[in-house]
Amino acid sequence: MTDVNTTDLKLYLYVHVSFKLYLHLSTMPNPKGNPENLKPLKSDREEPLTQNLNFRVTEKMKEEVKAQDDPPEFCREAIQKALDEKKGK
């Protein structure tokens, strides 16, 4: 009877250690990395987009902006239009 328990224990430990090793290796990043991730982003814009801007809006405004085809570009164009109109006054 002790032989069965020892065999079961050995099998359990083998499976447990193998599974932990599998999880570790499957979630471990590639040590060589991806060199393409280190290259700066290319832009065809006159001025690169290097800064972030955060501000609060109503829930309705957020939903309407998110419904646009390209929400970030929509916001940039709207802000630029408002700035141009303000300069013209």
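Values quoted throughout were computed directly from the atomic coordinates according to the rules given, and no laboratory measurement underlies them. Since the model is a prediction, treat every value here as computed from it, not as a measurement. Every residue, glycine as well, gets a Cβ built from its backbone with ideal geometry; the counts of neighbours run over all protein chains shown.
Across the stretch 64-75, computed HN-Hα scalar couplings (Karplus, 6.51 cos²θ - 1.76 cosθ + 1.60, θ = phi - 60°) run 5, 5, 5, 6, 6, 4, 9, x, x, 5, 4, 5 Hz from first to last residue, x flagging Gly and Pro. A simple spin-label model places the labels of residue 78 and residue 52 2.0 nm from each other, with each point 7 Å out along Cα-to-Cβ. Computing FRET efficiency as 1/(1 + (r/R0)^6) for residue 8 and residue 43, where r is the C-beta to C-beta distance and R0 is 41 Å, gives about 0.10.
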